[in-house]
Amino acid sequence: MPRRSERAAAPAEAALELRIESLAKGGEGVGRAPDGRVVFVPFTAPGDLVRVAVVARHARWLRGEAVELLEPGPGRTDPLCPLFGVCGGCDWQHLDYPVQLEAKRRILADALERIARVRVPDGFPFHPSPSPYGYRSRARVAARRGRVGFRRRHSHAICAASRCPVLVPALDEPLAALARRPPEPTGEWELSAGTEGGASVARVPVRDSGTHVDVEVAGEWLRVSGGSFLQANALLRERLALAVGDAAGRGGRCLELFAGAGLFTILLARRFTRVLAVESHPGAAADLEENVQTAGLDEVVEILARPVEDAFAGARLAAFRPEVVVLDPPRTGLEPPARDGLPRLGARRLVYVSCDPATLARDVAVLADADYRLASLEGFDLFPQTAHVEALAVMER
Ligand SMILES: C[S@@+](CC[C@H](N)C(=O)[O-])C[C@H]1O[C@@H](n2cnc3c(N)ncnc32)[C@H](O)[C@@H]1O
(Lines give C-alpha, C1' and ligand atoms only; values in the text may rest on other atoms or scores of the structure.)
Protein backbone atom coordinates (compact mmCIF):
# COMPACT_ATOMS: atom_id res chain seq x y z
CA MET A 1 0.00 0.00 0.00
CA PRO A 2 1.50 3.42 -0.86
CA ARG A 3 2.41 5.74 2.02
CA ARG A 4 1.47 9.45 2.15
CA SER A 5 4.75 10.32 0.40
CA GLU A 6 3.79 8.07 -2.56
CA ARG A 7 0.24 9.40 -2.77
CA ALA A 8 -1.81 7.38 -5.25
CA ALA A 9 -4.35 8.99 -7.54
CA ALA A 10 -7.59 7.78 -5.93
CA PRO A 11 -10.82 9.10 -7.42
CA ALA A 12 -11.66 11.85 -4.91
CA GLU A 13 -15.42 11.28 -4.95
CA ALA A 14 -15.05 7.61 -4.04
CA ALA A 15 -12.25 8.00 -1.47
CA LEU A 16 -12.76 7.88 2.30
CA GLU A 17 -10.29 8.46 5.05
CA LEU A 18 -10.87 6.13 7.96
CA ARG A 19 -9.29 4.46 10.99
CA ILE A 20 -9.30 0.66 11.05
CA GLU A 21 -10.82 -0.54 14.32
CA SER A 22 -10.68 -4.33 14.14
CA LEU A 23 -10.43 -7.36 11.85
CA ALA A 24 -13.48 -9.15 10.44
CA LYS A 25 -13.91 -12.92 10.21
CA GLY A 26 -12.88 -12.95 6.55
CA GLY A 27 -9.62 -11.19 7.46
CA GLU A 28 -10.45 -7.69 6.25
CA GLY A 29 -9.89 -4.60 8.39
CA VAL A 30 -13.06 -2.88 9.58
CA GLY A 31 -13.62 0.88 9.85
CA ARG A 32 -16.62 3.23 9.75
CA ALA A 33 -17.65 5.62 7.00
CA PRO A 34 -18.81 9.12 8.06
CA ASP A 35 -22.44 7.97 7.54
CA GLY A 36 -21.88 5.15 10.09
CA ARG A 37 -21.74 2.30 7.61
CA VAL A 38 -19.13 -0.41 8.23
CA VAL A 39 -16.30 -0.45 5.68
CA PHE A 40 -14.35 -3.64 4.99
CA VAL A 41 -10.79 -3.07 3.75
CA PRO A 42 -8.43 -5.99 3.03
CA PHE A 43 -4.75 -5.92 4.03
CA THR A 44 -5.18 -3.27 6.70
CA ALA A 45 -4.32 -3.46 10.41
CA PRO A 46 -6.10 -2.26 13.54
CA GLY A 47 -5.06 1.34 14.19
CA ASP A 48 -4.20 2.09 10.54
CA LEU A 49 -5.39 5.43 9.19
CA VAL A 50 -6.05 4.74 5.51
CA ARG A 51 -7.42 6.42 2.45
CA VAL A 52 -9.84 3.96 0.90
CA ALA A 53 -11.32 3.73 -2.59
CA VAL A 54 -14.85 2.35 -2.29
CA VAL A 55 -15.33 -0.61 -4.64
CA ALA A 56 -18.74 -1.93 -3.49
CA ARG A 57 -21.72 -0.31 -1.75
CA HIS A 58 -24.54 -2.00 0.13
CA ALA A 59 -27.25 -0.55 2.35
CA ARG A 60 -25.38 -1.40 5.55
CA TRP A 61 -21.77 -1.74 4.51
CA LEU A 62 -19.14 -0.72 2.01
CA ARG A 63 -16.10 -2.55 0.70
CA GLY A 64 -12.94 -0.68 -0.20
CA GLU A 65 -9.34 -1.02 -1.27
CA ALA A 66 -6.72 0.90 0.68
CA VAL A 67 -4.96 3.27 -1.72
CA GLU A 68 -2.81 5.09 0.83
CA LEU A 69 -1.54 4.31 4.31
CA LEU A 70 -1.66 7.64 6.13
CA GLU A 71 -0.59 6.29 9.54
CA PRO A 72 0.34 2.67 10.22
CA GLY A 73 -1.28 0.89 13.17
CA PRO A 74 0.99 -0.53 15.88
CA GLY A 75 0.58 -4.18 14.86
CA ARG A 76 2.03 -4.02 11.36
CA THR A 77 4.97 -6.07 10.21
CA ASP A 78 6.69 -6.85 6.90
CA PRO A 79 5.24 -9.80 4.97
CA LEU A 80 7.76 -12.59 4.43
CA CYS A 81 6.47 -13.64 1.02
CA PRO A 82 6.90 -11.47 -2.10
CA LEU A 83 3.58 -12.86 -3.39
CA PHE A 84 1.59 -11.69 -0.36
CA GLY A 85 -1.50 -9.76 -1.45
CA VAL A 86 -1.51 -11.40 -4.90
CA CYS A 87 -1.59 -15.07 -3.88
CA GLY A 88 -4.93 -16.19 -2.44
CA GLY A 89 -3.33 -18.25 0.34
CA CYS A 90 -2.59 -15.67 3.07
CA ASP A 91 -4.59 -12.76 4.51
CA TRP A 92 -2.47 -11.54 7.39
CA GLN A 93 1.28 -11.61 6.72
CA HIS A 94 1.27 -7.83 7.30
CA LEU A 95 0.16 -8.37 10.93
CA ASP A 96 2.35 -9.19 13.94
CA TYR A 97 1.57 -12.68 15.18
CA PRO A 98 0.11 -11.56 18.57
CA VAL A 99 -2.28 -9.26 16.66
CA GLN A 100 -3.44 -12.22 14.54
CA LEU A 101 -4.04 -14.33 17.65
CA GLU A 102 -5.98 -11.61 19.44
CA ALA A 103 -8.15 -11.03 16.36
CA LYS A 104 -8.97 -14.75 16.12
CA ARG A 105 -9.86 -14.92 19.80
CA ARG A 106 -12.26 -12.00 19.34
CA ILE A 107 -13.79 -13.41 16.12
CA LEU A 108 -14.49 -16.70 17.92
CA ALA A 109 -15.91 -15.05 21.05
CA ASP A 110 -18.05 -12.66 18.97
CA ALA A 111 -19.57 -15.46 16.91
CA LEU A 112 -20.55 -17.44 20.01
CA GLU A 113 -21.89 -14.41 21.86
CA ARG A 114 -23.76 -12.86 18.92
CA ILE A 115 -25.07 -15.95 17.11
CA ALA A 116 -25.37 -18.53 19.90
CA ARG A 117 -25.97 -15.98 22.70
CA VAL A 118 -23.83 -18.00 25.10
CA ARG A 119 -21.39 -16.51 27.57
CA VAL A 120 -17.80 -17.26 26.58
CA PRO A 121 -15.37 -18.05 29.43
CA ASP A 122 -13.19 -15.02 30.23
CA GLY A 123 -9.60 -15.37 29.02
CA PHE A 124 -10.16 -18.73 27.31
CA PRO A 125 -6.88 -20.17 25.92
CA PHE A 126 -5.94 -19.58 22.31
CA HIS A 127 -3.00 -21.84 21.48
CA PRO A 128 -0.49 -20.32 19.06
CA SER A 129 1.23 -22.33 16.38
CA PRO A 130 4.77 -23.08 17.67
CA SER A 131 5.97 -21.25 14.57
CA PRO A 132 3.86 -18.81 12.52
CA TYR A 133 5.68 -19.90 9.33
CA GLY A 134 6.96 -23.28 8.15
CA TYR A 135 4.06 -25.17 9.73
CA ARG A 136 1.88 -26.45 6.89
CA SER A 137 2.37 -30.05 5.78
CA ARG A 138 -0.44 -30.31 3.22
CA ALA A 139 -1.17 -27.93 0.33
CA ARG A 140 -2.59 -27.86 -3.17
CA VAL A 141 -0.63 -26.45 -6.08
CA ALA A 142 -2.08 -25.64 -9.50
CA ALA A 143 -0.44 -26.11 -12.89
CA ARG A 144 -1.50 -24.56 -16.18
CA ARG A 145 0.31 -23.84 -19.44
CA GLY A 146 3.79 -24.27 -17.99
CA ARG A 147 3.07 -22.30 -14.82
CA VAL A 148 2.96 -23.80 -11.33
CA GLY A 149 1.77 -22.00 -8.25
CA PHE A 150 -1.18 -21.06 -6.07
CA ARG A 151 -4.52 -19.51 -7.05
CA ARG A 152 -4.49 -15.73 -7.12
CA ARG A 153 -6.74 -13.91 -4.68
CA HIS A 154 -10.42 -14.08 -5.78
CA SER A 155 -9.40 -15.79 -9.04
CA HIS A 156 -8.69 -19.15 -10.66
CA ALA A 157 -5.61 -17.68 -12.35
CA ILE A 158 -2.26 -19.00 -11.17
CA CYS A 159 0.24 -16.95 -9.26
CA ALA A 160 3.56 -18.63 -10.09
CA ALA A 161 5.43 -19.84 -7.00
CA SER A 162 8.46 -22.04 -6.48
CA ARG A 163 8.48 -21.63 -2.70
CA CYS A 164 6.02 -20.82 0.05
CA PRO A 165 7.10 -19.78 3.56
CA VAL A 166 4.09 -21.29 5.34
CA LEU A 167 4.95 -24.80 4.11
CA VAL A 168 7.08 -27.14 6.21
CA PRO A 169 10.68 -27.36 4.91
CA ALA A 170 10.04 -30.94 3.69
CA LEU A 171 7.73 -29.49 1.00
CA ASP A 172 10.26 -26.92 -0.31
CA GLU A 173 11.90 -29.32 -2.75
CA PRO A 174 8.67 -31.00 -4.01
CA LEU A 175 7.22 -27.56 -4.79
CA ALA A 176 10.45 -26.30 -6.38
CA ALA A 177 10.67 -29.50 -8.48
CA LEU A 178 7.11 -29.02 -9.80
CA ALA A 179 7.93 -25.40 -10.62
CA ARG A 180 11.16 -26.40 -12.44
CA ARG A 181 9.37 -29.02 -14.55
CA PRO A 182 5.73 -27.95 -14.81
CA PRO A 183 3.46 -30.94 -15.43
CA GLU A 184 1.84 -31.07 -18.87
CA PRO A 185 -1.83 -31.37 -17.98
CA THR A 186 -3.78 -28.52 -16.45
CA GLY A 187 -4.79 -29.45 -12.92
CA GLU A 188 -3.96 -29.47 -9.25
CA TRP A 189 -1.40 -31.42 -7.24
CA GLU A 190 -1.58 -32.26 -3.56
CA LEU A 191 1.68 -32.00 -1.62
CA SER A 192 1.90 -33.73 1.78
CA ALA A 193 4.72 -34.23 4.23
CA GLY A 194 4.96 -36.93 6.89
CA THR A 195 6.52 -36.58 10.32
CA GLU A 196 9.93 -37.89 9.30
CA GLY A 197 10.11 -35.70 6.23
CA GLY A 198 8.84 -38.12 3.57
CA ALA A 199 6.69 -36.17 1.11
CA SER A 200 4.06 -37.26 -1.38
CA VAL A 201 2.89 -35.52 -4.54
CA ALA A 202 -0.35 -36.67 -6.16
CA ARG A 203 -2.60 -35.33 -8.86
CA VAL A 204 -6.04 -34.15 -7.70
CA PRO A 205 -8.51 -35.87 -7.47
CA VAL A 206 -6.19 -38.18 -5.55
CA ARG A 207 -8.27 -41.35 -5.99
CA ASP A 208 -6.20 -44.54 -6.02
CA SER A 209 -2.95 -42.61 -6.35
CA GLY A 210 -1.33 -45.00 -3.89
CA THR A 211 0.42 -42.08 -2.20
CA HIS A 212 0.43 -41.70 1.58
CA VAL A 213 2.39 -40.11 4.41
CA ASP A 214 3.08 -41.43 7.91
CA VAL A 215 2.32 -39.04 10.72
CA GLU A 216 3.26 -39.44 14.38
CA VAL A 217 0.90 -38.05 17.01
CA ALA A 218 1.55 -38.54 20.73
CA GLY A 219 3.53 -41.72 20.09
CA GLU A 220 0.94 -43.20 17.71
CA TRP A 221 1.71 -43.60 13.99
CA LEU A 222 -1.01 -42.84 11.47
CA ARG A 223 -1.06 -43.58 7.77
CA VAL A 224 -2.84 -40.81 5.82
CA SER A 225 -3.44 -41.45 2.12
CA GLY A 226 -3.41 -38.78 -0.55
CA GLY A 227 -6.90 -37.28 -0.64
CA SER A 228 -7.74 -38.25 2.97
CA PHE A 229 -8.11 -35.35 5.40
CA LEU A 230 -4.91 -34.38 7.23
CA GLN A 231 -4.83 -31.64 9.89
CA ALA A 232 -2.35 -29.47 8.03
CA ASN A 233 -0.48 -27.78 10.89
CA ALA A 234 2.31 -30.26 11.58
CA LEU A 235 3.42 -28.30 14.67
CA LEU A 236 0.07 -27.96 16.45
CA ARG A 237 -2.02 -31.02 15.51
CA GLU A 238 -0.64 -33.13 18.37
CA ARG A 239 -1.63 -30.46 20.89
CA LEU A 240 -5.13 -30.36 19.37
CA ALA A 241 -5.44 -34.16 19.48
CA LEU A 242 -4.29 -34.29 23.12
CA ALA A 243 -6.71 -31.51 24.06
CA VAL A 244 -9.55 -33.46 22.43
CA GLY A 245 -8.54 -36.56 24.41
CA ASP A 246 -8.41 -34.58 27.67
CA ALA A 247 -11.75 -32.91 26.96
CA ALA A 248 -13.39 -36.27 26.19
CA GLY A 249 -12.03 -37.76 29.42
CA ARG A 250 -12.22 -41.49 30.08
CA GLY A 251 -15.05 -43.95 30.31
CA GLY A 252 -17.14 -46.58 28.58
CA ARG A 253 -18.56 -45.49 25.23
CA CYS A 254 -17.39 -42.64 22.99
CA LEU A 255 -18.95 -41.81 19.63
CA GLU A 256 -16.70 -39.98 17.17
CA LEU A 257 -18.31 -38.25 14.18
CA PHE A 258 -16.17 -37.14 11.18
CA ALA A 259 -13.23 -39.30 12.28
CA GLY A 260 -10.97 -38.91 9.22
CA ALA A 261 -7.92 -41.19 9.23
CA GLY A 262 -8.10 -41.45 13.02
CA LEU A 263 -6.10 -38.53 14.44
CA PHE A 264 -8.37 -38.47 17.49
CA THR A 265 -9.74 -42.03 17.25
CA ILE A 266 -6.61 -43.80 18.42
CA LEU A 267 -6.20 -41.51 21.44
CA LEU A 268 -9.89 -41.92 22.29
CA ALA A 269 -9.60 -45.70 22.01
CA ARG A 270 -6.85 -45.59 24.68
CA ARG A 271 -9.30 -43.83 27.02
CA PHE A 272 -12.67 -45.50 26.38
CA THR A 273 -13.76 -49.13 26.44
CA ARG A 274 -15.60 -48.75 23.13
CA VAL A 275 -15.33 -46.16 20.35
CA LEU A 276 -17.77 -45.94 17.44
CA ALA A 277 -16.19 -43.86 14.64
CA VAL A 278 -18.11 -42.48 11.62
CA GLU A 279 -16.34 -41.32 8.45
CA SER A 280 -17.75 -41.13 4.91
CA HIS A 281 -14.64 -40.62 2.73
CA PRO A 282 -13.70 -44.12 1.47
CA GLY A 283 -9.94 -43.42 1.51
CA ALA A 284 -10.02 -41.92 5.00
CA ALA A 285 -12.21 -44.77 6.28
CA ALA A 286 -9.72 -47.31 4.86
CA ASP A 287 -6.84 -45.42 6.53
CA LEU A 288 -8.82 -45.38 9.76
CA GLU A 289 -9.32 -49.13 9.63
CA GLU A 290 -5.62 -49.73 8.97
CA ASN A 291 -4.54 -47.29 11.71
CA VAL A 292 -6.85 -48.93 14.24
CA GLN A 293 -5.40 -52.34 13.34
CA THR A 294 -1.80 -51.12 13.51
CA ALA A 295 -2.51 -49.77 17.00
CA GLY A 296 -3.99 -53.16 18.00
CA LEU A 297 -7.33 -51.52 18.77
CA ASP A 298 -9.71 -53.37 16.45
CA GLU A 299 -11.50 -54.87 19.45
CA VAL A 300 -12.19 -51.38 20.78
CA VAL A 301 -13.08 -49.37 17.66
CA GLU A 302 -16.08 -50.00 15.42
CA ILE A 303 -16.09 -48.05 12.15
CA LEU A 304 -19.16 -46.89 10.23
CA ALA A 305 -17.90 -45.91 6.77
CA ARG A 306 -20.90 -43.80 5.81
CA PRO A 307 -22.18 -40.23 6.01
CA VAL A 308 -22.99 -39.02 9.51
CA GLU A 309 -26.49 -38.04 8.31
CA ASP A 310 -27.16 -41.65 7.19
CA ALA A 311 -25.84 -42.92 10.51
CA PHE A 312 -28.40 -40.74 12.32
CA ALA A 313 -31.13 -42.22 10.13
CA GLY A 314 -30.13 -45.74 11.21
CA ALA A 315 -30.41 -47.42 14.63
CA ARG A 316 -26.73 -48.02 15.51
CA LEU A 317 -25.91 -44.62 17.07
CA ALA A 318 -28.88 -44.66 19.44
CA ALA A 319 -28.21 -48.32 20.35
CA PHE A 320 -24.58 -47.42 21.17
CA ARG A 321 -25.76 -44.94 23.86
CA PRO A 322 -22.58 -42.82 23.91
CA GLU A 323 -21.49 -41.11 27.12
CA VAL A 324 -19.34 -38.68 25.15
CA VAL A 325 -19.54 -37.54 21.52
CA VAL A 326 -16.48 -36.08 19.77
CA LEU A 327 -17.26 -34.33 16.49
CA ASP A 328 -15.05 -32.53 13.97
CA PRO A 329 -17.25 -31.61 11.00
CA PRO A 330 -16.16 -29.76 7.86
CA ARG A 331 -16.57 -25.97 7.62
CA THR A 332 -20.32 -26.28 6.99
CA GLY A 333 -20.85 -27.69 10.49
CA LEU A 334 -23.67 -30.14 11.25
CA GLU A 335 -26.43 -30.86 8.74
CA PRO A 336 -29.96 -30.87 10.21
CA PRO A 337 -30.19 -34.68 10.73
CA ALA A 338 -27.08 -34.59 12.91
CA ARG A 339 -27.86 -31.28 14.60
CA ASP A 340 -31.31 -32.45 15.59
CA GLY A 341 -30.37 -36.08 16.28
CA LEU A 342 -27.33 -35.41 18.47
CA PRO A 343 -29.20 -34.32 21.63
CA ARG A 344 -31.41 -37.42 21.40
CA LEU A 345 -28.36 -39.70 21.85
CA GLY A 346 -28.27 -38.63 25.50
CA ALA A 347 -24.49 -38.06 25.85
CA ARG A 348 -23.43 -36.10 28.92
CA ARG A 349 -20.59 -34.35 27.07
CA LEU A 350 -20.04 -33.12 23.51
CA VAL A 351 -16.51 -32.27 22.35
CA TYR A 352 -16.95 -30.13 19.24
CA VAL A 353 -13.90 -29.31 17.07
CA SER A 354 -14.76 -26.60 14.57
CA CYS A 355 -12.99 -24.82 11.72
CA ASP A 356 -15.70 -22.17 11.32
CA PRO A 357 -16.89 -20.03 14.25
CA ALA A 358 -20.17 -19.10 12.51
CA THR A 359 -21.35 -22.67 11.93
CA LEU A 360 -20.06 -23.66 15.38
CA ALA A 361 -22.16 -20.88 16.91
CA ARG A 362 -25.24 -21.91 14.90
CA ASP A 363 -24.88 -25.51 16.15
CA VAL A 364 -24.10 -24.45 19.73
CA ALA A 365 -27.35 -22.45 19.73
CA VAL A 366 -29.35 -25.55 18.77
CA LEU A 367 -27.53 -27.69 21.35
CA ALA A 368 -28.03 -25.02 24.04
CA ASP A 369 -31.78 -25.26 23.37
CA ALA A 370 -31.41 -28.98 24.13
CA ASP A 371 -29.87 -28.13 27.55
CA TYR A 372 -26.19 -28.43 26.65
CA ARG A 373 -24.25 -25.56 28.20
CA LEU A 374 -20.86 -24.38 27.02
CA ALA A 375 -18.44 -25.77 29.63
CA SER A 376 -15.12 -24.73 28.08
CA LEU A 377 -13.65 -23.18 24.97
CA GLU A 378 -10.15 -23.19 23.44
CA GLY A 379 -8.78 -21.78 20.21
CA PHE A 380 -6.01 -23.37 18.13
CA ASP A 381 -4.14 -21.36 15.55
CA LEU A 382 -3.78 -24.07 12.94
CA PHE A 383 -3.41 -21.55 10.10
CA PRO A 384 -1.22 -18.55 10.99
CA GLN A 385 -1.07 -15.79 8.33
CA THR A 386 -4.69 -16.57 7.42
CA ALA A 387 -7.99 -15.62 9.05
CA HIS A 388 -8.98 -19.28 9.64
CA VAL A 389 -10.07 -19.99 13.22
CA GLU A 390 -10.11 -23.46 14.81
CA ALA A 391 -11.97 -24.01 18.06
CA LEU A 392 -12.58 -26.75 20.60
CA ALA A 393 -15.88 -26.25 22.43
CA VAL A 394 -17.00 -28.62 25.19
CA MET A 395 -20.71 -28.75 26.01
CA GLU A 396 -22.23 -30.61 28.93
CA ARG A 397 -25.58 -31.39 30.48
C1 LIG B 1 -12.33 -31.68 9.54
S2 LIG B 1 -12.06 -33.32 9.03
C3 LIG B 1 -11.66 -34.07 10.56
C4 LIG B 1 -11.00 -35.40 10.53
C5 LIG B 1 -10.28 -35.83 11.81
N6 LIG B 1 -11.03 -35.50 13.00
C7 LIG B 1 -8.91 -35.21 11.88
O8 LIG B 1 -8.71 -34.28 12.66
O9 LIG B 1 -8.03 -35.66 11.14
C10 LIG B 1 -13.67 -33.82 8.66
C11 LIG B 1 -13.79 -35.25 8.20
O12 LIG B 1 -15.18 -35.51 8.02
C13 LIG B 1 -15.37 -36.25 6.83
N14 LIG B 1 -16.74 -35.93 6.39
C15 LIG B 1 -17.17 -34.83 5.74
N16 LIG B 1 -18.51 -34.86 5.62
C17 LIG B 1 -18.92 -36.01 6.21
C18 LIG B 1 -20.19 -36.60 6.42
N19 LIG B 1 -21.30 -35.99 5.99
N20 LIG B 1 -20.25 -37.77 7.06
C21 LIG B 1 -19.13 -38.38 7.50
N22 LIG B 1 -17.90 -37.87 7.33
C23 LIG B 1 -17.80 -36.69 6.70
C24 LIG B 1 -14.27 -35.81 5.91
O25 LIG B 1 -13.98 -36.82 4.96
C26 LIG B 1 -13.12 -35.58 6.89
O27 LIG B 1 -12.37 -36.75 7.05
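Within segment 303-323, restricting attention to residues that are more than 9 Å from the ligand (Cβ to nearest atom) and exposed (fewer than 13 other Cβ atoms within 10 Å of the Cβ), the residue that is nearest to P337 (Cα to Cα) is A313.
Does V366 meet the test of being within 15 Å of the ligand (Cβ to nearest atom) and on the phi < 0 side of the Ramachandran plot? No; evaluated as a whole, the condition is false for this residue.
Close contacts from segment 29-42, counting a first residue that is without any contact (Cβ under 8 Å) to a residue 12 or more places away in the chain and a second that is among the acidic types (D, E), with Cβ to Cβ under 7 Å and a gap of 6+ residues or different chains, come to V30/E21.
Yes or no: segment 208-222 includes at least one residue that is of a type outside the set (A, V, I, L, M), in contact with a His (Cβ under 6 Å, 6 or more places away or on another chain), over 29 Å from C81 (Cβ atoms) and open to solvent by 10 Å² or more (accessible area, probe 1.4 Å).
Looking for residues that are of a type outside the set (A, V, I, L, M), in contact with a His (Cβ under 6 Å, 6 or more places away or on another chain), over 29 Å from C81 (Cβ atoms) and open to solvent by 10 Å² or more (accessible area, probe 1.4 Å), one finds none in segment 208-222, hence no.
The residues listed here are L240, L255; of these, the one that is within 14 Å of the ligand (Cβ to nearest atom), touching a Phe, Trp or Tyr at 6+ places or on another chain (Cβ under 7 Å) and over 23 Å from H388 (Cβ atoms) is L255. Listed by first and then second residue, the pairs with beta-carbon distance under 7 Å, at least 6 apart or on different chains, first residue in segment 338-362 and within 12 Å of L255 (Cα to Cα) and in contact (Cβ under 8 Å) with a residue 12 or more places away in the chain, second surrounded by 21 or more Cβ atoms within 10 Å (Cβ to Cβ) and of a type in the set (F, W, Y), are L350/Y372. The residue of segment 283-302 that is surrounded by the most Cβ atoms within 10 Å (Cβ to Cβ), among those that are in a helix (DSSP H, G or I) and touching an Asp or Glu at 6+ places or on another chain (Cβ under 7 Å), is L288. Here A247 qualifies as hydrophobic (A, V, I, L, M, F, W, C), away from the ligand (no atom under 11 Å from the Cβ) and touching a residue at least 40 places away in the same chain (Cβ under 8 Å).
The values are calculated or read from the model by the stated rules, or taken from the named source; none is laboratory data. Quick caveat: nothing in here was measured; it's all calculated off a predicted structure. Quick reminder, even Gly has a Cβ in these numbers, built from the backbone with ideal geometry, and neighbours come from all protein chains shown. With ligands, DNA and RNA removed, areas are computed over all heavy atoms of the protein, side chains included. Shrake-Rupley method; radii C 1.70, N 1.55, O 1.52, S 1.80 Å.
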